[in-house]
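Asker: Take a look at the following structure, please.
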Amino acid sequence: MINFAHKISTKMTEKYTKIKQIYEGKAKKLYTLKNYPELLLQEFKDDATAFNALKKGTILNKGTINCELTTFIFKYLGKRGVKTHFVKQISPNEMVIKRLKIILIEVVVRNVAAGSLLKKTTLEEGQILAKPIVEFYYKDDSLGDPMISDSHALAMKIATEKDMKTLRQMAEKINKILKPFFLKRKLRLVDFKLEFGKDKKGNIMLGDEITPDTCRLWDSGTNKKLDKDRFRFDLGGVNEAYAEVRKRITGKA
Ligand code: TMP
């Protein structure tokens, strides 16, 4: 009897009501929630942009697919000791997250040479890196998200030395977990981008999303690109690539 009553009251308080949109980015919106000042609702959109929004479009079911994938992957990381902002998926394209103070740094991890790395080095696309690379970018659209070093971050006071060490360690740990995770699903994790934030106590947690928008994923047998590069470079089969990644990870067609 007591358990039953408890279940009902938990269910009632878990009704999340959106109050106000506080942010709209290129692929997601954030809302505050009634009765939960320390949480937010993150909504995933079908909209896609590339090259700092110079290119715009939509990808069929991307909002739902990316919400499902982020839910699946953040739960997987959470079980392996990575603190994340994920709380609960509450609709096909919405999840409740912890409200964090976002650190204005995008952390990119690379296992295989691709994308902007090809313009900075003599490495050729597809070359396996002797050691994974961790890069930091200053999250500022007006500057076009420039690559920065630890010293730039400290000089601009966007992070402390300890924060930078934590970001690197967390990024490396996430890479170690996700490389075999994807490979089991016949996907090569070529590179990916992470964002982090701090909770009220100052704990650094993984935020944002992990999806084919923010990762390069190649078929492990053929190296076929199954990510946003199909949209960025007009390779065709964009919707199909997202659907394929969903199928391989969640089992849903
Ligand atoms: P890059 O090779 O263009 O620097 O991209 C590295 C990774 O970061 C790739 O997996 C795509 C992801 N990424 C984002 O998630 N957002 C961005 O704005 C950019 C430029 C890259």
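Asker: How many residues are open to solvent by 30 Å² or more (accessible area, probe 1.4 Å), more than 9 Å from the ligand (Cβ to nearest atom) and either in a loop (DSSP other than H, G, I, E, B) or free of Cβ contacts under 8 Å to residues at least 12 places away in the same chain (or both) if we restrict to the stretch 101-118?
Answerer: Summing the residues that are open to solvent by 30 Å² or more (accessible area, probe 1.4 Å), more than 9 Å from the ligand (Cβ to nearest atom) and either in a loop (DSSP other than H, G, I, E, B) or free of Cβ contacts under 8 Å to residues at least 12 places away in the same chain (or both) in the stretch 101-118 gives 0.
Asker: Here's something else I'd like to know. What pairs come out if I take residues in the stretch 219-241 that are on the phi < 0 side of the Ramachandran plot and pair them with residues that are open to solvent by 50 Å² or more (accessible area, probe 1.4 Å) and more than 15 Å from the ligand (Cβ to nearest atom) whose C-beta lies under 8 Å away, six or more apart or interchain?
Answerer: ASP219/LYS186; SER220/LEU183; SER220/LYS186; GLY221/LYS186; LEU226/GLU244; ASN239/LEU60; ASN239/ASN61
Asker: Could you please let me know if ILE204 is within 12 Å of the ligand (Cβ to nearest atom), in contact (Cβ under 8 Å) with a residue 60 or more places away in the chain and of a type in the set (A, V, I, L, M)? Walk me through it before giving the result.
Answerer: Details: within 12 Å of the ligand (Cβ to nearest atom): no; in contact (Cβ under 8 Å) with a residue 60 or more places away in the chain: yes; of a type in the set (A, V, I, L, M): yes.
So ILE204 does not fit the description; no.
Asker: Can you give me the number of residues within the stretch 22-52 that are under 18 Å from the mean Cα position of the chain (by Cα) and either among the acidic types (Asp, Glu) or part of a loop (DSSP other than H, G, I, E, B) (or both)?
Answerer: Looking only at that region, the number is 10.
Asker: Next question. Would you confirm, using the coordinates I've provided, whether ASP163 is farther than 19 Å from LEU189 by Cβ, within 16 Å of the ligand (Cβ to nearest atom) and open to solvent by less than 80 Å² (accessible area, probe 1.4 Å)?
Answerer: Numbers: farther than 19 Å from LEU189 by Cβ: yes; within 16 Å of the ligand (Cβ to nearest atom): no; open to solvent by less than 80 Å² (accessible area, probe 1.4 Å): yes.
Answer is no for this residue.
Asker: Starting from the stretch 154-176, keep only residues that are modelled with pLDDT of 95 or more, then list their pairs with residues that are among the charged types (D, E, K, R) whose Cβ atoms are within a distance under 8 Å, requiring at least 6 positions of separation or different chains.
Answerer: Matching pairs, first to second residue: LEU154/GLU161; GLU161/ASP150; MET164/ASP150.
Asker: Can you name every residue in the stretch 151-160 that is out of contact with any Pro (no Cβ under 9 Å at 6 or more places or on another chain) and surrounded by fewer than 16 Cβ atoms within 10 Å (Cβ to Cβ)? It would help to see each step written out before you state the result.
Answerer: Taking the stretch 151-160 as the starting set, the residues that turn out to be out of contact with any Pro (no Cβ under 9 Å at 6 or more places or on another chain) are 151, 153-160.
Within the stretch 151-160, SER151, LEU154, ALA155, MET156, LYS157, THR160 meet the criteria.
Asker: Could you list, in sequence order, all residues of the stretch 138-186 that are assigned to a helix (DSSP H, G or I) and acidic (Asp, Glu)? First the steps, then the outcome.
Answerer: Filtering the stretch 138-186 for residues assigned to a helix (DSSP H, G or I) gives 141-143, 150-155, 161-184.
Selection gives ASP141, ASP150, GLU161, ASP163, GLU172.
Asker: Right, something else. Among the residues of the stretch 187-202, is any in a loop (DSSP other than H, G, I, E, B), aliphatic (A, V, I, L, M) and modelled with pLDDT of 95 or more? Break it down into steps so the answer makes sense when it comes.
Answerer: Taking the stretch 187-202 as the starting set, the residues that turn out to be in a loop (DSSP other than H, G, I, E, B) are 199-202.
Subset that is aliphatic (A, V, I, L, M): none.
Scanning the stretch 187-202 turns up no residue that is in a loop (DSSP other than H, G, I, E, B), aliphatic (A, V, I, L, M) and modelled with pLDDT of 95 or more.
Asker: Follow-up. In the list GLY78, GLY63, which residue meets the criterion of being in a helix (DSSP H, G or I), of a type in the set (Gly, Ala, Ser) and either without any contact (Cβ under 8 Å) to a residue 12 or more places away in the chain or open to solvent by 30 Å² or more (accessible area, probe 1.4 Å) (or both)?
Answerer: Working: GLY63 fails: either without any contact (Cβ under 8 Å) to a residue 12 or more places away in the chain or open to solvent by 30 Å² or more (accessible area, probe 1.4 Å) (or both).
Of GLY78, GLY63, the one residue that is in a helix (DSSP H, G or I), of a type in the set (Gly, Ala, Ser) and either without any contact (Cβ under 8 Å) to a residue 12 or more places away in the chain or open to solvent by 30 Å² or more (accessible area, probe 1.4 Å) (or both) is GLY78.
The values are calculated or read from the model by the stated rules, or taken from the named source; none is laboratory data. Treat the numbers as computed from the prediction; the structure is a model and nothing was measured. In this analysis, Cβ positions are derived from the backbone assuming ideal geometry, glycine residues included, and neighbour counts consider all displayed protein chains. Ligands, DNA and RNA are excluded from the accessible area calculation, which covers all protein heavy atoms including side chains. Shrake-Rupley method; radii C 1.70, N 1.55, O 1.52, S 1.80 Å.
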